[in-house]
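Read the figures in this text as sums done on the coordinates, not as results from a lab. Owing to the predicted nature of the structure, the values given are computational and were not obtained by experimental measurement. Cβ: placed from backbone, ideal geometry, glycine included. Neighbour counts: every protein chain shown.
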Ligand SMILES: Nc1ncnc2c1ncn2[C@@H]1O[C@H](COP(=O)(O)OP(=O)(O)OP(=O)(O)O)[C@@H](O)[C@H]1O
Ligand SMILES: [Mg+2]
């Protein structure tokens, strides 16, 4: 049963002495799923990831990864995991190629064509010493070593940091390919836009606690949009004020402006009683909805404070 | 085929090991090759220094070949060189990658914590042993050639003693790194212990009331038995090896039980 989940945490808690890392984190990531793990600085993303990899030991609670115990089964588990650290630092001074050969050998042999394929895709020169590389190119080496052995689970801590926009797109394509190949991806990020189009679900963590886990589409359902309706005749704002999810209603003559959180249905039903000339509705701003999670755990409804 | 991590450890430590090897080899050859030329100077040195100072430096007499060898290679500078090599190399097994962040990717390899620690230690332990064996190997060649009248078996006993001493401190350094994950702790703890051990052995020879302290000092088990004159002392050597092994095992045990990179 548990093996249907690639990652399963139950009340996972980590304190660094008195300092809270994460607290009571309960999260499931299905096999084959792409999960975006979002949250502001210091929220506990890296802490969670390092617990899953058994670099840290939980203060309380437990984690199961690919049906295995991170500590007891570390060797077997890490063979099936591709890990990209958030703070990349490479051991040694050799060239990218030699370093990747070491990672390949340590994981029981990886077809070299796999490495060169990824390097080509990311436009990475394998003959240069990693130490002399720019931040973005180091990041590419990190990505190649995470993907090279086609692991069942990819755990990526801020994978796009340092990559230029073109390479970010290429990376996202790699994630989609991984999903198509049945791999599970657990990636942390600061911005929704980055995972919005690749992730199946996003988990949002703040101050060490999980504040939301949602499918990306349903995050849209909770989004705030501004709506403008032009009627044939003047309307009474009181008629619209009372509707669920509708707020900031202003009426100037026949034009009604308001913001709607969630479904548009109640507003449309009432508006349809009148003759409508025109209607404008801005695309729901996911980013704004998402930002609201950063500042208020309740999410939607307070987005105006977080937004511009 | 050796484990990838062992080969990687050697590759990363290659320059440092080579540097230490060249240094120790040069030190050993230079001091012993010029045995005859040094003889005259040594006499002067011995006359110039008070007896207490000679005792402290571990120099019994510089006239006999064994005394000369002991004074030059095995008393202070020789052990100091190989111990510094052992301590700095051992600080690289866990503490250094943990501090500079390279540990994340090393530890992400499919190995248990204990296997990881074991392989790092095995790789570094071999490198350290090679460096510590250099005086032994060179003396086998140089001692007969320059005509020092010492049984080679006694030279072997002293040379092996040096290796045993280095193993003892490698184990201690590994334990310090495995527990703390900090290079400064490794250098401080092991360095202070080494100096204290040397002093304990030296002081116990000078004042009778302090005779017993020598039993606490690894240096006593290495050179206090005077192997160049008296040959092999297996029990003393085994004590050194046992301390090294016990601390190394404790280090592996401790590393398996803590957070890494906090
Ligand atoms: N080694 C440590 N010792 C003490 N506290 C720590 C340590 N590492 C992290 N913390 C604390 O744990 C909390 C979570 O940190 P974590 O690194 O997991 O955040 P994050 O979500 O990865 O942040 P970022 O987006 O900046 O990478 C923070 O309050 C941080 O100060
Ligand atoms: Mg982080």
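Report, for the stretch A:2-218, the % of DSSP beta bridges that are antiparallel, rounded to 5.
55 percent
Taking the Cα atoms of the protein assembly as shown, report the difference between the largest and smallest coordinate on each principal axis, in whole Å and largest first.
Result for the protein assembly as shown: principal-axis Cα extents of 120, 53, 45 Å.
Please compute, for the alpha-carbon atoms of the stretch B:4-255, the extent along each of the three principal axes and give them in descending order in Å.
Cα extents, longest axis first: 59, 42, 30 Å.
Given labels modelled 7 Å from the Cα in the Cβ direction, how far is it in nm from residue A:191 to residue B:34?
Taking the two extended label points, one gets 6.7 nm.
With labels modelled as points extended 7 Å from the Cα through the Cβ direction, what inter-label distance (nm, one decimal) is found for residue A:277 paired with residue A:4?
Placing both labels 7 Å beyond Cα along the Cβ direction yields 5.5 nm.
Show me A:239-250, A:78-89 ranked by packing, highest mean number of other Cβ atoms within 10 Å first.
Ranked from most to least packed, the peptides come out as A:78-89, A:239-250.
Below 8 Å, C-alpha to C-alpha, sequence gap of six or more: please give me the relative contact order for the stretch A:15-171 in percent.
About 25 percent, as a whole number.
Residue by residue through A:96-109, how many Cβ atoms from other chains fall within 10 Å of the Cβ on average?
3
Could you work out the equivalent-ellipsoid semi-axes for the stretch B:57-168, taking the square root of 5 times each eigenvalue of the Cα gyration tensor, largest first, in whole Å?
37, 14, 9
Give me the one-decimal Kirkwood hydrodynamic radius in Å for chain A, with the sum taken over alpha-carbon pairs.
One decimal place: 21.6 Å for the Kirkwood radius.
Let me know the volume per residue of the alpha-carbon convex hull for the stretch B:198-262, in Å³.
124 Å³
Helix A:165-180: angle to the longest alpha-carbon principal axis of chain A, degrees 0 to 90, nearest 10?
Approximately 80 degrees, to the nearest ten.
Compute the FRET efficiency between residue A:236 and residue A:213 as 1/(1 + (r/R0)^6), taking r as their Cβ-Cβ distance and R0 = 45 Å, and round to the nearest 0.05.
Computed FRET efficiency for residue A:236 and residue A:213 comes out at 0.65.
Using only the Cα atoms of the stretch A:146-288, what are the Rg and Dmax in Å?
Reported Rg and Dmax, both Å: 20.9, 66.
Rounded to the nearest 500 deg cm²/dmol, what is the calculated helix-only ellipticity per residue at 222 nm for chain A, with -39500 (n - 2.57) per DSSP H run of length n ≥ 4?
-9000 deg cm²/dmol
Testing the spin-label approximation: label points 7 Å from Cα along Cα→Cβ at residue B:184 and residue B:15. State their distance in nm.
Simple spin-label model gives 2.4 nm for this pair.
For a quick protection proxy, order the peptides B:163-176, B:242-255, A:9-22, B:111-124 by their average other-Cβ count within 10 Å, most packed first.
B:163-176, B:111-124, B:242-255, A:9-22
Using only Cα atoms and rounding to the nearest 10 degrees, what angle (0 to 90) does helix A:135-147 make with the longest principal axis of chain A?
Relative to chain A, helix A:135-147 is tipped by roughly 80 degrees.
Calculated FRET efficiency, residue A:72 and residue A:177, Cβ-Cβ r, R0 41 Å, to nearest 0.05?
0.80
What full-extension length gain, to one decimal in nm, is calculated for residue A:41 and residue A:127 as 0.36 nm per residue of separation minus the Cα-Cα distance?
Computed gain between residue A:41 and residue A:127 is 27.5 nm.
Taking the 0 to 90 degree range and rounding to the nearest ten, how far is the long axis of helix B:35-48 tilted relative to the main principal axis of chain B, both from C-alpha atoms?
Computed tilt is about 80 degrees.
Show me the ranking of peptides A:168-177, B:141-150 by mean Cβ neighbours inside 10 Å, starting with the highest.
A:168-177, B:141-150
What's the average, rounded to a whole number, of partner chain beta-carbon atoms within 10 Å of each residue's beta-carbon in B:107-118?
6
At q = 0.10, 0.14, 0.20 Å⁻¹, work out log10 I(q)/I(0) for the stretch A:1-108 with the Debye formula, treating every Cα as an identical point scatterer and leaving solvent out; two decimals please.
After summing over all Cα pairs, the log10 values are -0.34, -0.64, -1.14.
Counting only other chains, and only Cβ atoms inside 10 Å, what mean value do you get across the residues of A:73-81?
Mean inter-chain Cβ contacts per residue within 10 Å come to 4.
Round to the nearest 0.05 the FRET efficiency obtained for residue A:60 and residue B:22 when R0 = 56 Å and r is the Cβ-Cβ distance.
So the FRET efficiency works out to roughly 0.60.
Which parts of the stretch A:128-144 would a label at residue A:164 reach, counting a residue when its backbone N lies under 17 Å from a point 7 Å out along Cα-to-Cβ?
Once the point is set 7 Å along Cα→Cβ of residue A:164, A:133-141 turn out to lie under 17 Å by backbone N, inside the stretch A:128-144.
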